[in-house]
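Undergrad: A single structure is presented below for examination.
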Amino acid sequence: MSLLPAQKINCTDYSIYFNDWKQLSFSISNADYSKIICIVDDNTQQHCLPILQQKIDRPISIIMIKAGEKSKTIDTCTKIWKEMMLLGADRHSLVLTLGGGVVGDMGGFCAATYMRGIDFLHIPTTLLSQVDSSVGGKLGVDLNSYKNIVGLIKNPNAVFIFPEYIQSLPNRELFSGFAEMIKHALISNVELWTEIKSINPLERKEWSEDIFKSVLVKNSITEEDPMERSIRKKLNFGHTLGHAIESENLKGSYPLLHGEAIAIGMICECHISYQKGLLEENILHEITSTILDLYDRHPEAVEDIDAIIPHTRYDKKNRDGIVKCTLLNNIGVALINQKIEEEEMRAALEYYKEV
Ligand SMILES: NC(=O)c1ccc[n+]([C@@H]2O[C@H](COP(=O)([O-])OP(=O)(O)OC[C@H]3O[C@@H](n4cnc5c(N)ncnc54)[C@H](O)[C@@H]3O)[C@@H](O)[C@H]2O)c1
């Protein structure tokens, strides 16, 4: 049980609750739902579901998927939709997504499309999903290992964040989530960047305030531009090359985690910002060394540059085949819709390989 007080962020059409089991129980029990279905993966079934079941006094049906990004496919959605039908889910049922970004993005997508859309609540259980993926309504799945190609933007009825879930998270996953916190700091302000730089994730015992601040960054941007027509693209910093590296690595048997790929993507996109004369060299070095101090180096992940670059053609920010990227002008100053050239991407990937 968390000792920290319950907190809440009010968004336009839903709320994000922190440390509030009472409100979760109320949200589930008070509405007249015909059935409650909880989507979990094999890890969250073991580590997170028992805590949830203690707090909720209604029967919950469980749908379990295999953990990991390779499950985030339309085939897994088909399995979920079929199980929902077998369980007798109707338009008055409620879906809970209990897991990281994979369960949240895919479970939310299944709920948002089942019988043309039923209610769903996100209960994110990884650092990444608590600070990032559960907020802002992006739902969907990968296609042929291209990231998030099929999906939609639809907010859940509410998000419930319980930082206590982080306790059972493996260290690698913790660092993966921390990459999105670094991104939020880099695109928002120097103060948050200074705070983030001082955190050692392995020593952090209490994450609530850090998560809250990171969610404030994400939420203020997605509230202003929910459909990603303009400033929401700032959140894609690190993701043009990060997604390309992640997609290429998904082909292997021991792929990078999302945040690990984004950490590399941020270094590369800072280097492109530097190549274009947007970012000073000392800031490039400060960001690069901060990230490299935290993350294992993965030169093998960018070995095949010729295979990585074509993935950027499927980036959702592109227009007319031109690769558009979010770059940094300074810490806290992100520039959207920046056209980047193949040669700049190559130089940036070489920089990461050699730095
Ligand atoms: N929708 C968005 O706006 C958005 C933003 C960022 C990332 N994403 C997506 O999020 C996904 C990555 O999310 P993720 O990093 O949470 O990955 P994930 O969902 O694969 O979870 C990571 C691992 O941690 C395990 N796990 C989850 N909670 C646990 C807990 N409390 N204790 C022990 N193990 C636990 C999971 O089973 C999994 O093995 C990617 O698909 C990415 O594209 C979406």
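Here, each number is a calculation from the coordinates, and none is a lab measurement. These numbers were taken from a predicted model, which means no experiment stands behind them. Neighbour counts run over all protein chains shown; Cβ positions are idealised from the backbone, glycine included.
Undergrad: Which of GLU83, GLU203, GLU341 moves most in a GNM of the chain, Cα contacts under 10 Å?
TA: Highest fluctuation of the listed residues: GLU203.
Undergrad: In debye, nearest 20: dipole of the stretch 7-168 around its Cα centre with unit charges on the Cβ of K, R (+) and D, E (-)?
TA: Here the size comes out at about 200 debye.
Undergrad: Against the longest principal axis of the chain, how steep is helix 239-249, in degrees 0 to 90 to the nearest 10, with axes from Cα atoms?
TA: The helix 239-249 is inclined about 80 degrees to the chain.
Undergrad: Give the residue from HIS311, ILE221, VAL190 lying farthest towards the positive end of the charge dipole for the stretch 171-354; charges sit on Cβ (+1 for Lys and Arg, -1 for Asp and Glu) and the dipole is referred to the Cα centre.
TA: Checking the options against the dipole of the stretch 171-354, the answer is ILE221.
Undergrad: Positive end of the dipole of the stretch 58-159, charges at C-beta (+1 Lys, Arg; -1 Asp, Glu), about the Cα centre: which of ALA158, ALA89, SER61 has its Cα farthest in that direction?
TA: My answer, from the dipole projection, is ALA89.
Undergrad: Output ³J(HN,Hα) for the stretch 314-328: one whole-Hz value per residue in order, computed from phi by the Karplus curve 6.51 cos²θ - 1.76 cosθ + 1.60 with θ = phi - 60°, and x for Gly and Pro.
TA: Here the 3J(HN,Hα) series is 9, 5, 6, 8, 5, 9, 6, x, 8, 7, 10, 9, 9, 10, 10 Hz.
Undergrad: Provide the net charge surrounding HIS258, with neighbours chosen by a C-beta distance below 9 Å and charges set as Lys +1, Arg +1, Asp -1, Glu -1.
TA: Net charge around HIS258: -3.
Undergrad: Which pairs, out of LYS72/LYS353; LYS234/LYS317; LYS234/LYS339; LYS147/LYS233; LYS147/LYS251, put more than 20 Å between their alpha-carbon atoms? Walk me through the numbers before you get to the answer.
TA: On the way: LYS72/LYS353 29 Å; LYS234/LYS317 11 Å; LYS234/LYS339 14 Å; LYS147/LYS233 16 Å; LYS147/LYS251 12 Å.
From LYS72/LYS353; LYS234/LYS317; LYS234/LYS339; LYS147/LYS233; LYS147/LYS251, over 20 Å: LYS72/LYS353.
Undergrad: Now a separate question. Karplus couplings for the stretch 168-175 from phi (6.51 cos²θ - 1.76 cosθ + 1.60, θ = phi - 60°), rounded to Hz, Gly and Pro as x?
TA: Running phi through 6.51 cos²θ - 1.76 cosθ + 1.60 with θ = phi - 60° gives 8, 6, x, 4, 4, 5, 4, 5 Hz.
Undergrad: For the stretch 77-152, which trypsin sites (Lys or Arg not before Pro) are both in a DSSP coil and crowded by at most 16 other Cβ atoms within 10 Å? Write out the running numbers ahead of the final one.
TA: Details: sites: LYS79, LYS82, ARG91, ARG116, LYS138, LYS147; in loops: ARG91.
Hits after loop and neighbour filter: ARG91.
Undergrad: Helix 342-354: angle to the longest alpha-carbon principal axis of the chain, degrees 0 to 90, nearest 10?
TA: That works out to roughly 90 degrees.
Undergrad: Based on the mean of other beta carbon atoms within 10 Å per residue, what is the order of 250-258, 211-219, most packed first?
TA: Sorting 250-258, 211-219 by mean packing, highest first, produces 211-219, 250-258.
Undergrad: Treating the beta-carbon of each Lys and Arg as +1 and of each Asp and Glu as -1, no other charges, what is the dipole magnitude of the chain about its Cα centre, to the nearest 20 debye?
TA: 1200
Undergrad: Quick one, what does Rg over Rh come out to for the stretch 171-354 if you take C-alpha atoms and the Kirkwood Rh?
TA: 0.94
Undergrad: Taking N as the number of residues in the chain, what is its alpha-carbon radius of gyration divided by 2.2 N^0.38 Å?
TA: 0.96
Undergrad: May I pose another question? Determine the distance separating the Cα centre of the stretch 270-284 from the Cα centre of the stretch 77-96; give it in Å without decimals.
TA: 49
Undergrad: Could I ask something else about it? Where Rh denotes the Kirkwood radius from the mean inverse Cα pair distance, what is Rg over Rh for the stretch 7-168?
TA: Working: Rg = 14.2 Å, Rh = 15.4 Å.
Rg/Rh: 0.92.
Undergrad: Helix 208-224 against the longest principal axis of the chain: what's the angle in degrees, Cα atoms only, rounded to the nearest 10?
TA: With rounding to tens, the tilt is 80 degrees.
Undergrad: Also, quick follow-up: Springs between alpha-carbon pairs under 10 angstrom, Gaussian network model over the chain: which of LYS316, LYS70, LYS205 fluctuates most?
TA: Its mean-square fluctuation being the largest, the pick is LYS205.
Undergrad: For the stretch 171-354, with only Lys/Arg (+1) and Asp/Glu (-1) charged at the beta-carbon, what is the dipole magnitude about the Cα centre, in debye rounded to 20?
TA: With only Lys, Arg, Asp and Glu charged at Cβ, the dipole is about 580 debye.
Undergrad: Next question. What ³J(HN,Hα) values, in whole Hz, does the Karplus curve 6.51 cos²θ - 1.76 cosθ + 1.60 give for the stretch 280-290 when θ = phi - 60°, with x put for Gly and Pro?
TA: For the stretch 280-290, the Karplus curve yields 5, 4, 5, 6, 4, 5, 4, 5, 4, 6, 4 Hz.
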